[in-house]
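Shown next, in structure tokens, is the structure this report addresses.
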Amino acid sequence: MGAVAPYVPFLLGGVQVTLQITFAAIALAVPVAFILAFARMSPFRAMRWAGGFVIETFRGSSAVVQLFWAFYVLPLFGINLSPVAAGILVLGLNEGSYFSEVVRASLRSISAGQREATVALHLPRFFAFRSVILPQALPVMIPPFGNALVLMLKFSALVSLVTIQDLSFRAGLIATSLGTSGTVYGLVLCIYFALALMLAGAVMVLERRVNRWAGRDDTARSGFFTRRQSSVPPWAFGR
Amino acid sequence: MGLRPMTGFSWDWSFAWSILPALLKGLAVTVQATLAGFLIAFVGGLALCLLRLARLPLLSPLAWFVIEFLRGTPFLVQLYFTFYVLPNYGIIFSPFITGTLALGIYGAARAAEFYRSALEAIPPGQWEAALTLKLPLSGVWFRIILPQMWPVALPMLGNLMIAMFKDTAVLSTITVLEMVAVAKDIGVQTFRYLEPLTMAGILFWCVSYLTARVIRTVEEKHAS
Amino acid sequence: MQAETAGARQSSTPAGILEMRGIRKEFDGRVVLDDVDLDLAAGEKLALIGPSGSGKTTVLRMAIGLTKPDAGLIRIEDKYLWHEQRDGRLVPAGEKHARVARRPVGMVFQQFNLFPHFTALENVREPMVQVLRLSRDEAGSRAMELLRKVGLSEHCHKRPGQLSGGQQQRVAIARSLGLEPKIMLFDEVTSALDPELVGEVLRVLRDLAHATDMAMLLVTHEMNFAADIADRVLMFDAGKIVESGPPSQVLVTPRMPRTRQFLRAVNDR
Ligand SMILES: Nc1ncnc2c1ncn2[C@@H]1O[C@H](COP(=O)(O)OP(=O)(O)OP(=O)(O)O)[C@@H](O)[C@H]1O
Ligand SMILES: [Mg+2]
């Protein structure tokens, strides 16, 4: 442990890179998810097909392959992305494809009656979406969003494979120069876990605020910290 | 970023054809790692889940922590940790076995959550009903609870298997010659990245798509 | 027929405010409305009765454009809902045209469909702001007036979840009235209510029917209520109108055996 101590500032720099990539990628993933969800719900067949194609492409193959593809193949077509841009793009599109299903399911969970009421009241479509549908759908999306955010944090470790100096990459550098990989990787795992807890906590705060904005009671249901009583009784285990 | 070779703008079918056997061999390794890892996840996940729910002193909180820790940290770093730490304790496996083990353990933590949500989806009334039937404990589990858990858990486990299949690409970082490692090696040696990486992506897509289809068909058959 | 309706509009005889001609609708190959003609005069109160599944709700949904007919014409005031006039001929028109054409119509649903995240006041006020383009203050004071009329001014800051079913339905009525419709559609607005809450909603409707010159199209299973407020009653069965006339005739001395049978079943309940 002591041998690692001088490298802690270096690792913290890696934490910063990791968080930057995570937030940038999630900031890309959310609009991508909404756009893909709208495309999939579009009345136009071509739009539905295009949305489905993007989603299936990104979900069907491995993120590692996509990352390498963006890094090694795109330049061949004259698209020279920096490693950071390539990483954010791949992570954002990938997670956005997954999250679009959440968005779609949440929007669909709003009853047909609510939608019909907006029509029967002649409400402008944008207002109907922004002020009637979205406030009811958004609270449903927040707990899965928390999962997506933690997933993105874990996902971001992959960018170390394309030479970005994030937390994982720096762990590798220190491990090589010190020869004490166990301590370094153990420490880095703990750092990631702490970051995941922090993000989960932040999402709980976010959930409260969204619930209040949407006019719901502001109890959070998402996250690591809400302990629910298991429905499996103690006697099921012989006691 | 260094020098980038500027060859390979256009798709070369004969080159693609020539590297297909190597990629398929890599795919075989990928599939083996997935299946072995999934087996660990399938069994280990159930054990972790039951341990967590059993409310045993020390063991249950420990199981809970292990599950959450593994689910809260990147598989890549878990893999490095396993790969570099095991030998310190004199445990020396091949990279393939180490990788599969790490994949299986990570999968077990995720499977444990699926098992738990499937168990908790069973209405409490079922437990109460089982109690009034005065069945032995094994009867409660095997005749009432588990038959209701599987239909919920299996689709989630199927998706887990597909996710694990895609995660195997990470094993390339510890010199396991699975498909992505093979594709990258071909790129390094020939300076052609377009074909091997694209083909690897498509092969991944095909296998996971087919698996998803099979799972859905089985699911629908079960439902009816 | 087109010439006939166009002519009717230009003549001085007051044309119906809502007119349906030859309406046909199938769901999954099952005929739900079969060649239905329906006229509603300005200010008329028309009650629709008939057994479950006979197509009453579908007729109402068509009148406000929630369901599109497979065949037939729907005219609201001087506009056709799914057609527009071009060179004196009627040609099919799309959603955009329908949004304008159905504007004079309002609808109250069986399930209220209040917006759960708005207060009662906001439920009434916001559509007025959005559709009538009133200022929030102006819309707010009109909304309060409407809520007072339905007896809910003291509950105006509650959310739908904090109101009883009857109170929610009264808010929904106020919400529709806020847009000053010329035609109001009511689809079994008391059917989702506990029996003891039915009265308060019917009272509001009764007052409304007697006080306004708005045309009303009501689906109801409350025969006494229909007899009290309706100018005319239509009996539906299996997607067709089987009998039409004043309540004193249709509800008291029905001509058709099907109507008699239906009324007996309702009274035996
Ligand atoms: N969206 C739809 N898809 C398929 N079938 C439908 C749909 N809407 C209505 N139907 C069918 O059309 C028929 C008429 O329905 P409608 O709701 O108009 O009847 P109703 O007279 O209002 O009956 P109730 O008194 O039960 O409300 C019913 O058999 C119903 O099942
Ligand atoms: Mg109905």
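Taking the longest Cα principal axis of chain A as reference, the axis of helix A:45-60 is set at about 30 degrees.
The accessible-area ordering, largest first, of the residues B:Arg213, C:Arg175, C:Arg24 stands as B:Arg213, C:Arg24, C:Arg175, per a 1.4 angstrom probe. With the gyration tensor restricted to C-alpha atoms of chain C, the semi-axes of the equivalent ellipsoid amount to 30, 25, 16 Å, longest first. Oblate is the label for segment A:18-216, because a/c, from the alpha-carbon gyration tensor with a ≥ b ≥ c as root eigenvalues, is 1.5 or above and a/b does not exceed b/c. To the nearest whole percent, what portion of all C-alpha pairs in the protein assembly as shown is separated by more than 34 angstrom? Summing the P(r) tail past 34 Å for the protein assembly as shown gives 61 percent. Pairing chains A and C buries close to 1900 square angstrom of accessible surface in total, based on protein heavy atoms and a 1.4 angstrom probe. For chain A, the longest principal axis of the alpha carbon atoms and the long axis of helix A:167-178 meet at an angle near 10°. Given +1 at the Cβ of Lys and Arg, -1 at the Cβ of Asp and Glu and no other charges, the dipole of the protein assembly as shown around its Cα centre is 500 debye to the nearest 20.
With 20 Å as the limit, the listed pairs C:Lys25/C:Lys56; C:Lys56/C:Lys96; C:Lys25/C:Lys182; C:Lys45/C:Lys96; C:Lys56/C:Lys240; B:Lys25/B:Lys166 have C:Lys56/C:Lys96; C:Lys25/C:Lys182; C:Lys45/C:Lys96 beyond it between alpha carbons. Accessible area ranking (1.4 Å probe, heavy atoms, ligands and nucleic acids excluded), largest first, for B:Leu39, B:Leu86, B:Leu56: B:Leu39, B:Leu56, B:Leu86. With springs connecting C-alpha atoms under 10 Å apart, model chain A as a Gaussian network and identify which of A:Asn211, A:Asn80, A:Asn94 has the largest mean-square fluctuation. Of the options given, A:Asn80 has the highest mean-square fluctuation. Chains B and A together bury roughly 4700 Å² of accessible area, counting both sides, with a 1.4 Å probe on protein heavy atoms only. Surface composition of chain C: carbon and sulfur atoms hold 47% of the protein heavy-atom accessible area at a 1.4 Å probe. For segment B:197-224, a drop of 40 Å² or more in accessible area on going from the chain alone to the assembled protein chains (1.4 Å probe) is found at B:Leu197, B:Trp205. Ligands, DNA and RNA left out, the accessible area of segment B:22-223 computed with a 1.4 Å probe is 72% carbon and sulfur.
Set the Förster radius R0 to 22 Å, insert the Cβ-Cβ distance between B:Ala22 and B:Tyr89 as r into 1/(1 + (r/R0)^6), and round the FRET efficiency to 0.05. In this case the efficiency is close to 0.05. In sequence order, segment B:188-205 has phi-based couplings of 4, 6, 9, 6, 10, 9, 4, 5, x, 5, 5, 5, 4, x, 5, 5, 3, 4 Hz under the Karplus curve 6.51 cos²θ - 1.76 cosθ + 1.60, θ = phi - 60°, and Gly or Pro positions carry x. For segment B:15-59, heavy-atom accessible area (probe 1.4 Å) falls by no less than 10 Å² from the chain alone to the full protein assembly at B:Leu50, B:Arg52, B:Leu53, B:Ala54, B:Arg55, B:Leu56. Computed from the Cβ-Cβ distance with R0 of 25 Å, the FRET efficiency linking B:Glu220 to A:Arg48 stands at 0.70. Measuring nothing but how far apart in sequence close Cα pairs (under 8 Å, 6+ apart) lie, relative to its length, segment B:1-127 scores a relative contact order of 38 percent. Here, segment C:189-237 has an Rg and a Dmax of 11.1, 31 Å when only alpha carbons are counted. In this structure chain A gives 43 Å² per residue of accessible area when probed at 1.4 Å with all protein chains present. Can you give me the C-alpha center-to-center distance between segment A:13-38 and segment B:42-68, rounded to a whole angstrom? The two parts, judged by their Cα centres, are 32 Å apart. For chain B, the solvent-accessible area works out to 50 Å² per residue, with a probe of 1.4 Å and every protein chain left in place.
The relative contact order of chain C comes to 23 percent, based on Cα pairs under 8 Å that sit 6 or more residues apart. A simple spin-label model places the labels of A:Ala85 and C:Ser153 6.4 nm from each other, with each point 7 Å out along Cα-to-Cβ.
How big is the gap, in Å, between the Cα center of segment C:63-101 and the Cα center of segment B:99-144? Measuring centre to centre over Cα atoms gives 57 Å. Using a probe radius of 1.4 angstrom, the carbon and sulfur fraction of the accessible surface of segment A:18-216 is 69%. Rg ratio for segment C:116-180: its Cα radius of gyration over 2.2 N^0.38 Å, N being its residue count, equals 0.97.
Approximating the spin labels as points 7 Å out from Cα along Cα→Cβ, the B:Val31-to-A:Ala5 distance works out to 5.4 nm. Largest mean-square fluctuation among B:Ala153, B:Ala109, B:Ala129, in a Gaussian network model of chain B whose springs join Cα atoms under 10 Å apart, belongs to B:Ala129.
Dipole check for segment C:58-113: with +1 at the C-beta of Lys and Arg, -1 at the C-beta of Asp and Glu, and the Cα centre as origin, the magnitude is about 100 Debye.
Once the cut-off is 19 Å, how many percent of the Cα-Cα pairs in segment C:51-204 end up in the long-distance tail? Roughly 58 percent, rounded to a whole number.
Calculated translational diffusion coefficient of segment B:22-223 (25 °C, 0.890 mPa s; Stokes-Einstein with Kirkwood radius over alpha-carbon pairs) equals 131 µm²/s. With the convex hull of the Cα atoms taken as the outline of segment C:19-141, the averaged projected area works out to 10.2 nm².
The values are calculated or read from the model by the stated rules, or taken from the named source; none is laboratory data. This one's a predicted model, so the numbers in the text were calculated from it and none came from an experiment. Glycine also receives a Cβ, built like all others from the backbone with ideal geometry; neighbour counts cover every protein chain displayed. The area values use the complete protein model at the heavy-atom level, side chains included, leaving out ligands, DNA and RNA. Shrake-Rupley method; radii C 1.70, N 1.55, O 1.52, S 1.80 Å.
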